[in-house]
Structure formats: C-alpha cells, structure tokens
Amino acid sequence: MTDIIDHYVDQYIADSARTSASLPDWLCAQKESAISQFKESGFPTLKDEDWRYTSLKSVVSKFFEVKVDETSGSADLSEFLISELDSYRMVFIDGRFSQQHSNLPDAVTGGDITALGSMTTAEFEHAPQALTQDQTTKHGFSALNVAFSSDGYVIQVADNTKLDKPVEILFVSLSENTAALPRNVIQMGNYSQAELIERHVSKNGLSALNNSTCQVDIAEGGKLDYYLVETMSNSATQVTSLNAELAKDSTFSCRTLTLGGGLVRNNLTVSLNQPGAHCDMLGLYSIAGKQHVDNHTNVIHAAPHCTSNELYKGVLDQRSRAVFHGRIKVEQDAQKTDAVQSNNNLLLSANAEIDTKPQLEIYADDVKCAHGATVGQIDETSLFYLRSRGIDETDARSLLTFAFVNDVMEQVEVEALRESLSTELAARLIDENVSLSVS
Amino acid sequence: MLSIKNLHASIDGKRILNGINLEVGTGEVHAIMGPNGSGKSTLASVLAGRDNYEVTEGNVIYKDQDLLEMEPEIRAREGVFLAFQYPVEIPGVTNMYLLKAAINAVKKHQGQDELDAREFLKLIKEKAAMVEMKQEFLYRSVNEGFSGGEKKRNEILQMALLEPYLSILDETDSGLDIDALKIVAKGVNLIRSEQRSMVLVTHYQRLLDYIVPDYVHVLAGGKIIRSGGKELALELEEKGYGWIDELAAA
C-alpha cells in the first residue's frame with residue numbers, strides 16, 4: 001500500500017506548495033495534521049472491523065489524480081439536471097466548483113453559499129465553526145479529503161431565517177481516473193431552516209473516485225432537510241463521510257438514496273448533543289449487477305430527551321451486495337432517549353447478499369430503544385393476488401418491489417426530486433412498460 | 001360457460017379434489033356448499049390458477065378454451081374473477097392504482113380502449129357508491145388496515161368494476177356481520193345478469209338468503225355428492241353437515 005500512499009502524498013506536497021500561502025493558518029494546520037494521519041493509516045482494509053464486509057481493492061489499486069486546476073466550462077451537463085427542480089444550484093466538476101454551470105444569485109436572503117476553493121481572506125475570517133474546527137471522523141478517506149481541502153460547498157444559514165428554495169449541489173465526475181475530494185460544510189443558525197440536496201453523478205462507464213466529507217452543525221431549534229442522492233455510474237467509487245452535531249431542539253432529517261455507483265460507502269455520524277434534538281435517518285438502496293453498497297450509521301445520544309428514527313430499506317438484484325451497520329449509542333446522561341432503527345431488505349435474486357448488523361450500546365437506564373432487521377423475497381400470495389386481477393407477472397413483481405420502497409420514497413418531500421428518483425428507479429430496476437404514477 | 005370434468009387436484013402430494021364434475025351455464029348462479037376441508041377453497045383456487053395446486057386429472061373448459069392452460073392474468077383478462085376468502089394486504093400499492101391497472105389490462109386484452117384518468121375516476125366513483133365504499137378507501141393501500149367487512153367489500157368493488165363473465169366467490173360471507181353481508185349481497189345482485197355466471201363457495205346457508213342460487217351442490221371429500229335447487233341449501237341447514245357424512249358414507 002505504500003505506493004498508493006506516496007502517490008497521494010506527492011500530489012499533496014505539490015498542491016500545498018502552490019496554495020498554502022493564500023490559506024489561513026488554521027486551515028494549513030488541519031491539512032498538515034490530516035496528511036500525517038493519512039500517511040500513518042493509509043486506506044482501511046478488511047482487517048478493520050468497520051470495513052470487514054467491503055473490499056477496497058478496486059480503489060487502492062488505482063492511482064487516481066486529484067484535480068487541482070480550475071475546471072473548463074464547456075461541458076454539457078444537461079443529462080444530469082432535474083429540469084423541474086427549482087433550486088439554488090452549485091455545480092462541481094471533478095471536485096472543482098464551476099461558476100458557469102451554477103445557478104446562484106449574487107445574494108440569497110438569509111444564506112451564505114460559497115465554494116471552499118474560491119474563498120477570499122475576508123471570507124475565511126468569517127468561516128463557520130463547522131469548518132474552522134475539524135470534527136471529521138477520521139479514517140483514511142476522510143483524512144485524505146481534509147488534507148487536500150481543495151474545494152466543496154460552504155453554506156451558512158442565518159438565525160431565524162428559512163431559505164426560500166432548496167439548495168442543490170451537483171457533483172459531476174467527467175474525467176477518467178480522477179479523484180474528487182469535496183470537503184463540505186453546513187452551518188445552520190438558531191431556528192434557521194433549509195433544504196439541501198446533494199447529488200453525485202458521473203459520466204457513464206467512467207472510472208473515478210468521489211471521496212467527500214460533510215460537516216453539519218445545527219444550532220438551537222434549527223432544522224435541516226438533507227438529501228444525499230447517489231447515482232454515479234456502476235464503474236465509479238463513492239465514499240461519503242458525514243458528521244452532524246445537533247444542538248437543543250434542532251432537527252436533522254437525512255435521506256440517503258443510493259441507486260448508482262459500483263462501490264459506495266456512506267459513513268454517517270449524528271450526535272444529539274443537547275436535549276430535544278431529533279434526527280430522522282432514512283435510507284434507500286436499490287442495486288443490481290455487481291454493485292456494492294455499504295451504509296454505516298452511527299447515532300450518538302449524548303443528552304436526555306432526544307429522539308432518533310432510522311429506517312433503511314434495500315432492494316438487491318443479481319449479484320449485488322449490501323452492508324448495513326447501524327450503531328446507536330446512548331450515553332449515561334441520555335435518559336428518556338427514544339431511538340428506533342430498522343433495516344428491511346428485499347432480495348430479488350438468490351445470488352444477492354446482505355450483511356446487516358444492528359448494534360445498540362446503552363449506558364442509561366431509562367430509555368426506549370428498538371431495532372429490527374428483515375430479509376425477504378417477493379410475497380407469492382401478493383403476486384398471485386395481483387395476477388388474478390389481470391396484471392402480468394413481470395409488472396406485478398415490479399409493482400411489489402416499488403411498493404416495498406414506497407414508504408421511504410414518500411418521505412422525499414421535494415416533489416421534483418421524488419419524481420426524478422422514481423423514474424430513475426424504474427429505469428434501473430423495473431420493467432419500463434410499467435407506469436408507476438398513481439392517478 | 002364453464003365445464004369441469006373429472007377434476008383431480010392435490011397439494012404437496014395430498015389429494016384434495018377427487019373427480020369434480022360441474023356444468024355452469026351462462027347466466028346461472030351455482031352455490032357450492034360443504035364442510036371444512038371438503039375442497040371448496042381448493043376448487044376456487046384451481047379455477048383462478050393458483051400455482052401451489054397440482055391438477056392430476058381431468059379438465060376445465062371455459063368459453064371453449066382450456067382454462068387450466070392459461071396463466072392467472074390471462075384468466076382474469078378473459079373474464080374469470082376470484083373474490084378471495086382472505087384478501088391480501090399490499091402496503092405501498094394504492095387501491096386506485098390496482099383498480100386502474102386491472103381494468104385497463106382487461107380492456108386492452110379484450111380489444112377495447114383503455115380508460116383515461118377522468119373516465120376511470122367517474123366509473124370508479126359510481127362503482128364505489130354501489131358497494132357503499134367511502135372514497136377515502138380508494139386512495140389507501142390495497143386492503144391495508146381494512147376491517148374484514150371492508151376487505152370483502154373491496155373484492156366486490158373489483159368485481160363490479162371488471163364485470164367478469166364468471167365470478168367465483170370464495171367464502172365471501174365468512175366473518176361478515178348482517179349489515180356487511182347485505183351490502184356485499186346487494187353488490188353481487190346488481191352485477192348478476194343473463195350474461196354473467198357465478199359460483200358461490202360457502203359454508204353457510206345465510207348468504208343464500210340474500211343471493212338466491214339457481215343450483216346448489218354439496219361437496220364432501222373432494223367430490224360433489226349431491227346437487228339440487230335452492231331448497232337443498234335449506235335442507236342442509238336444517239340437517240347439518242353430519243347428514244353429509246351419512247350421505248358420503250352411503
């Protein structure tokens with residue numbers, strides 16, 4: 001593995017020589033610390049308990065190039081856009097911000113939306129705490145990401161304001177053999193409210209690595225609806241590490257929707273730090289072929305009277321494989337915690353595999369915690385019922401598959417996004433002749 | 001309409017039907033009665049095409065076609081309808097979606113124009129009123145959280161919508177209180193016509209107070225052991241199924 005570590009460290013050294021003069025000291029310090037950690041740990045291996053079901057061979061055998069220069073604006077991105085979605089849009093190509101493809105007014109009321117790679121000295125002086133204090137959970141991928149800190153979105157929402165449109169961030173991978181390393185930050189003010197849609201896409205057949213981190217801080221009473229939509233091509237690798245810190249009475253709704261990507265790993269850590277905080281974590285993965293999707297979630301109840309509700313649903317076809325590892329930790333002081341977790345899987349093929357592992361660690365004595373995991377096939381009685389009403393077998397199977405994920409889909413509250421995901425789901429998994437719209 | 005000849009069927013190697021013979025003419029309503037385990041529901045399932053039953057002998061002709069050769073969805077599109085004894089709950093599929101997909105599958109197969117959203121809505125509202133079903137049930141998931149009576153009413157709604165030539169009602173009366181039974185019976189009677197045939201599978205005579213059959217057959221041990229007019233049901237009610245055992249033994 002030394003070769004691959006050197007490969008990235010060499011790129012880091014070259015990049016730092018070019019950029020460090022213009023960066024604030026605190027950021028340089030974060031970068032130095034992160035590269036030291038990466039040098040020491042390298043990428044995780046199957047021997048690491050948290051990575052034992054996910055082989056990274058395909059990632060560590062490829063020498064991806066981190067794109068450091070500004071991106072060219074000539075690319076046609078229309079195939080990746082959701083035309084019905086009315087949003088403030090930031091576009092990153094191969095990990096670099098593209099002003100030209102973005103759709104951002106000069107000023108957004110109550111919101112400060114910038115790109116890390118183009119922040120000025122003045123902007124760095126007012127950088128949110130979520131950026132100045134690096135709280136990223138450290139493993140090789142996140143360390144590499146913070147070491148470069150090359151670009152990413154930095155969004156602050158002011159106290160007592162609600163953004164009038166969703167903010168959409170589109171990460172597009174277009175160049176063969178590149179590593180995009182977006183470092184993202186969301187800082188929600190007191191009683192602020194926003195919807196954020198982070199989408200990851202790539203050119204078909206592209207071999208690329210997308211290794212992103214996201215730090216979310218939500219102040220008292222703040223509410224963030226966050227969507228992580230993963231639809232890269234099946235030759236791409238995506239690793240996402242998100243860390244959310246929730247203050248008093250704040251709400252974090254996190255929906256992870258994974259339809260694409262050859263190898264996808266999501267590390268989500270949510271800390272409920274003060275009383276009254278609540279998080280919803282919804283997940284949907286619908287995969288086929290040889291896709292591999294690994295969801296690691298970690299919910300930490302660190303204060304009393306917090307609630308968390310986690311539901312992950314998966315549909316696995318052909319030789320695909322999924323991992324769900326959901327940890328809930330209830331600390332000693334976190335009395336009156338109410339935490340629920342479930343993971344339900346539908347296997348459409350005898351060759352698909354799911355490894356599901358709930359893990360509850362409870363150190364308080366007055367709490368409500370429930371978890372459950374199921375793995376099943378299409379119900380034959382339901383199938384016969386639909387067929388006996390004239391619906392042919394293929395359509396009936398598709399309908400039941402779609403119905404299985406429907407409760408997660410229904411919670412995608414942005415209508416244009418939900419419609420687009422339904423279409424994509426249908427195209428990827430379901431017979432094209434079935435119309436899934438309900439009139 | 002339907003001609004069953006010497007039908008034998010088994011499940012997991014266990015013989016359930018042992019030579020059923022039954023002729024159902026166009027416009028006729030036949031009641032099939034019998035004690036538990038006599039094979040009533042098996043007969044209904046075999047006719048609808050459930051695949052966990054194996055037909056070992058005999059044949060079934062429906063409108064000059066070999067019914068047993070058809071896939072369940074083809075039978076439905078050709079006008080065969082089974083009202084389930086235990087209607088299935090399908091979370092995530094709305095009743096509306098199922099009903100529209102079903103009627104358009106039938107219409108398409110029969111060479112008719114499919115209904116558009118407006119035409120369908122008008123039709124379904126009319127049919128729902130017929131079985132006294134509140135419209136909110138149309139927008140809920142199929143049978144999910146429905147009471148026993150509501151599920152059976154939903155079956156009759158589907159039947160009313162699809163207007164099948166041959167309806168098989170599998171113990172549609174079981175578990176219904178008197179009010180629900182009357183509503184279901186009313187729905188069935190509205191659909192009854194000279195073009196449509198019905199097979200009512202039932203354990204009790206009480207359904208037949210509301211839907212008067214042309215013929216009654218008594219099933220025991222996987223065979224029809226007695227056939228008659230509607231008065232046979234009354235005789236059976238009076239003498240009880242113990243009488244059947246005596247008949248079967250004789």
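The values are calculated or read from the model by the stated rules, or taken from the named source; none is laboratory data. If you're wondering where the values come from, they're calculated on a predicted model, not measured in any experiment. Virtual Cβ from ideal backbone geometry, glycine too; neighbours counted across all protein chains shown.
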query = Mind checking which residues of segment A:379-418 are of a type in the set (A, V, I, L, M, F, W, C), facing chain B (nearest Cβ under 8 Å) and not in a helix (DSSP H, G or I)?
reply = A:Ile391
ask   = Among the strands (runs of 3 or more DSSP E) contained in segment A:135-235, which hold 3 or more residues that are of a type in the set (Ser, Thr, Tyr)?
value = A:223-231
ask   = Can you name the strands (runs of 3 or more DSSP E) wholly within segment A:248-308 that have at least 3 residues being aromatic (Phe, Trp, Tyr) and surrounded by fewer than 24 Cβ atoms within 10 Å (Cβ to Cβ)?
value = none
inquiry  = Based on this model, can you work out whether A:Thr231 counts as β-branched (Val, Ile, Thr), in contact (Cβ under 8 Å) with a residue 40 or more places away in the chain and closer than 25 Å to A:Leu425 by Cβ?
reply    = yes
task = Kindly provide the set of residues from segment B:54-75 that are within 14 Å of chain A (Cβ to nearest Cβ) and either surrounded by 18 or more Cβ atoms within 10 Å (Cβ to Cβ) or aliphatic (A, V, I, L, M) (or both), ordered by number.
result = B:Leu67, B:Met70, B:Pro72, B:Glu73, B:Ile74, B:Arg75
note = Of those in segment B:82-101 that are part of a strand (DSSP E or B) and at the interface with another protein chain (Cβ under 8 Å from one of its Cβ atoms), the residue farthest from the chain's Cα centre (by Cα) is B:Gly92
message = Would you confirm whether or not segment B:160-168 contains a residue that is buried (at least 16 other Cβ atoms within 10 Å of the Cβ), β-branched (Val, Ile, Thr) and within 13 Å of the chain's Cα centre (by Cα)?
response = yes
message = Looking at (1) part of a helix (DSSP H, G or I); (2) surrounded by fewer than 20 Cβ atoms within 10 Å (Cβ to Cβ), which one does A:Ser83 not meet, given that it meets all the others?
response = (1)
remark   = When (1) in a loop (DSSP other than H, G, I, E, B); (2) in contact with a helix residue (DSSP H, G or I) (Cβ under 9 Å, 6 or more places away or on another chain) are applied to B:Ser193, the one that fails is (2)
message = Among (1) under 18 Å from the mean Cα position of the chain (by Cα); (2) at pLDDT 95 or above, there is one condition B:Asp66 misses while meeting the rest; what is its number?
response = (1)
Yes/no for A:Thr178 being among the β-branched types (Val, Ile, Thr) and crowded, with 24+ Cβ neighbours inside 10 Å = no
ask   = Looking at segment B:74-115, which of its residues are among the polar types (S, T, N, Q) and closer than 25 Å to B:Gly27 by Cα?
value = B:Gln85, B:Asn104, B:Gln110, B:Gln112
request  = Find the strands (runs of 3 or more DSSP E) located wholly in segment B:14-71 whose residues include 1 or more that are among the polar types (S, T, N, Q), and list them.
outcome  = B:14-24, B:54-62
ask   = Among the candidates B:Arg50, B:Arg118, which residue alone is surrounded by 14 or more Cβ atoms within 10 Å (Cβ to Cβ), within 11 Å of chain A (Cβ to nearest Cβ), at negative phi and of a type in the set (Lys, Arg)?
value = B:Arg50
query = Hey, does segment A:357-368 have a residue that's assigned to a loop (DSSP other than H, G, I, E, B) and either within 26 Å of the chain's Cα centre (by Cα) or facing another protein chain (nearest Cβ under 8 Å) (or both)?
reply = no
key: Residues that are aliphatic (A, V, I, L, M) and either assigned to a loop (DSSP other than H, G, I, E, B) or without any contact (Cβ under 8 Å) to a residue 40 or more places away in the chain (or both), drawn from segment B:208-231   = B:Ile211, B:Val212, B:Ile225
request  = Just name the residue that is modelled with the highest pLDDT out of those in segment B:20-63 that are under 20 Å from B:Leu232 (Cβ atoms) and touching a Gly at 6+ places or on another chain (Cβ under 8 Å).
outcome  = B:Ile20
